[in-house]
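Contents: one structure, followed by commentary.
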Amino acid sequence: MTITVFITSLLGAMGLGMPIAFALLLCGVALMLHLGNFDTQILAQNLLEGTNNYPLMAVPFFMLAGELMNAGGLSQRIVRVADALVGHVRGGLGYVAIIATAIVASISGSAVADTAAVAALLIPMMRNAGYNVPRAAGLIAAGGIIAPVVPPSIALVVFGVAAQLSITKLFLTGLFPGLMMALTLAFTWWLCAKKEPGAGPRKFEPRALAAALVDGVWALALPLVIIGGMKFGVFTPTEAAVVAVVYSLLVGALVYRQLDLKRLPALMLTAAKTSSAVMFLVACALVSAWLITIADIPAQATALLEPFIDNKILLMFVIMVLVVVVGTALDLMPTVLILTPILMPVITKAGIDPLYFGVMFIMNNAIGLLTPPVGTVLNVVSGVARTNLDTVIKGVWPFLLAQTLLMFLFVLFPQLVMVPARWFY
């Protein structure tokens, strides 16, 4: 009965068009009423405590770092380096998009910010070069979902807080799967690029590459600073976010001199608006998470999944299919915040490594950003490409299928994720 109240209240509120955060809050109220312990003071206290968490401080700082990176010219220089490196091969701008999204992902931590930055730079170039625009838009959208998997992923920060796991270890666990996602896209694009009539080869110019590297070295160094600093224990993920902000600000304003300090208040306001939406969502979700625990819903979910618990691979397969289905209707953050407190006890009882599950869970939810009808990343790239959503959906299918197959490959062979992760630790 408790699960019925939870699902009915949540879906009912969403069906009425209520924002996800308020739907989660209403769901919490419904659970309190069902349990007979409704108390506004407890509700308010848990709402405030939901965001009173040190690791969550990384979210606004990484948001601001992404804004500064785009305004300060770091994104443009990353694209130039990638273009000088692989732009001469057939379908070269597609490989440029993959490299650029992978590098920007290791700075921004946000799929939407990553996709918007790279799409704004590359889609006009690809259109002018004669590329198939829907396919190009689909490629960039698929590249954008690398951001939630690799550090400094905001989604991994939120999952780590909800699951009470080490965010540094989650970050390092996501490195190799993120790299494999990029390589999978490159292989899929290699198959598709043969059909690109306007993607003829051009001569490779070592001098152009050298010049692009010299000009872009400061931009390329930022991911190394963030990842290296966390791996060697120089700073925590939250401190890494502050380092990313200061680095982006100094490089954009003093080195590249492209960041106008007069724009700084506007950039901070944009980052604050985005962060406040995420933080309020987290606060409301953690109220529901507390009540989910009180109502013993995880035990009921464990009982439902009991037939699969003895087989880790089968259990992971069932959970991943469940998340795929949920991901078609919910955005990434709500799915993470709703399902994490329900699924973690199941994972613990089955003896599955929680770090492995965390990365797989986030990767699955990231893929959900490409699936209609929600498809947040699809909507972003559709707006930038100035094309309707239906054509972008047609263009993204090969890459969506490739990323989904890679995810289930990781389900079958968990060692592909955890063996490299232990080296990064």
Task: Dipole magnitude of segment 61-183, debye to nearest 20 (Cβ charges: Lys/Arg +1, Asp/Glu -1, about Cα centre) - done: 220 debye
Open item on the list: Using each residue's phi in segment 338-353, evaluate 6.51 cos²θ - 1.76 cosθ + 1.60 at θ = phi - 60° and report the 3J(HN,Hα) Karplus result to the nearest Hz, with x for Gly and Pro.
Closed with: 7, 8, 4, x, 7, 8, 4, x, 5, 4, 4, 5, 7, x, 7, 4
Task: Spatially proximal lysines relative to residue 312 (Cα-Cα < 17 Å; intrachain offsets below 8 disregarded) - done: 349
Task: Calculated from backbone phi, Karplus (6.51, -1.76, 1.60) coupling profile of segment 394-408 in Hz, x at Gly/Pro - done: 4, x, 8, 4, x, 6, 5, 5, 4, 5, 5, 5, 4, 4, 6
Open item on the list: Treating only the Cβ of Lys, Arg, Asp and Glu as charged (+1, +1, -1, -1), what charge dipole size does the chain show about its Cα centre? Round to the nearest 20 debye.
Closed with: 1380 debye
Task: In Hz, Karplus ³J(HN,Hα) per residue of segment 64-74 (6.51, -1.76, 1.60; θ = phi - 60°; x = Gly, Pro) - done: 5, 4, x, 5, 5, 5, 6, 6, x, x, 5
Task: Farthest toward positive dipole pole in the chain [+1 Lys/Arg, -1 Asp/Glu at C-beta], among 9, 121, 372 - done: 121
Task: Under 15 Å from residue 203, Cα to Cα: aspartates and glutamates that are on another chain or at least 8 residues apart - done: 83
Open item on the list: Just to be sure I understand the model, the point goes 7 Å from the Cα along the line to the Cβ. What's the resulting residue 179 to residue 394 distance in nm?
Closed with: 3.7 nm
Task: In nm, spacing of pseudo-spin labels at residue 205 and residue 129 (7 Å Cα→C-beta vector) - done: 1.4 nm
Open item on the list: Less than 10 Å Cβ to Cβ from residue 219, Lys/Arg counted +1 and Asp/Glu -1: what total charge do the surrounding residues give?
Closed with: +1
Task: Computed lengthening from residue 311 to residue 328, 0.36 nm per intervening residue step minus Cα-Cα distance - done: 3.5 nm
TODO: Specify the angular offset, from 0 to 90 degrees and rounded to the nearest 10, of the alpha carbon long axis of helix 376-385 from the longest principal axis of the alpha carbons in the chain.
DONE: 30 degrees
Open item on the list: Below 18 Å, Cα to Cα, which lysines can residue 231 reach? Residues fewer than 8 away in the same chain don't count.
Closed with: 169
Open item on the list: Sorting check: for 400-413, 255-268, 354-367, which peptide has the highest mean count of neighbouring beta carbons within 10 Å, and how do the rest follow?
Closed with: 354-367, 400-413, 255-268
Open item on the list: Given a Förster distance of 45 Å, report the FRET efficiency between residue 415 and residue 386 from their Cβ-Cβ distance, rounded to the nearest 0.05.
Closed with: 0.55
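Please work out the FRET efficiency for the pair residue 257 and residue 42, using the Cβ-Cβ distance as r and a Förster radius of 41 Å; give the result to the nearest 0.05.
Working: r = 53 Å, r/R0 = 1.29.
After rounding to 0.05, the efficiency reads 0.20.
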Task: Residue-averaged 222 nm ellipticity for the chain, from DSSP H runs of 4+ at -39500 (n - 2.57), nearest 500 - done: -25000 deg cm²/dmol
Task: Over 40 Å [Cα-Cα, segment 39-424], rounded percent - done: 13 percent
Task: On Cα atoms only, tilt of 206-231 relative to the major axis of the chain in degrees - done: 20 degrees
TODO: Please give the helix 264-294 orientation as an angle from the longest Cα principal axis of the chain, in degrees from 0 to 90, rounded to the nearest 10.
DONE: 30 degrees
Open item on the list: Could you work out how much longer the chain between residue 52 and residue 16 gets when fully extended? Use 0.36 nm per residue separation minus the Cα distance between them, nm to one decimal.
Closed with: 9.9 nm
TODO: Whole Å is fine, so just give me how far the alpha carbon centre of segment 21-42 lies from that of segment 114-185.
DONE: 36 Å
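Every number in this text was worked out from the coordinates using simple rules, so none of it is lab data. Everything numeric in this text was worked out from a predicted model, so none of it was measured. Cβ: placed from backbone, ideal geometry, glycine included. Neighbour counts: every protein chain shown.
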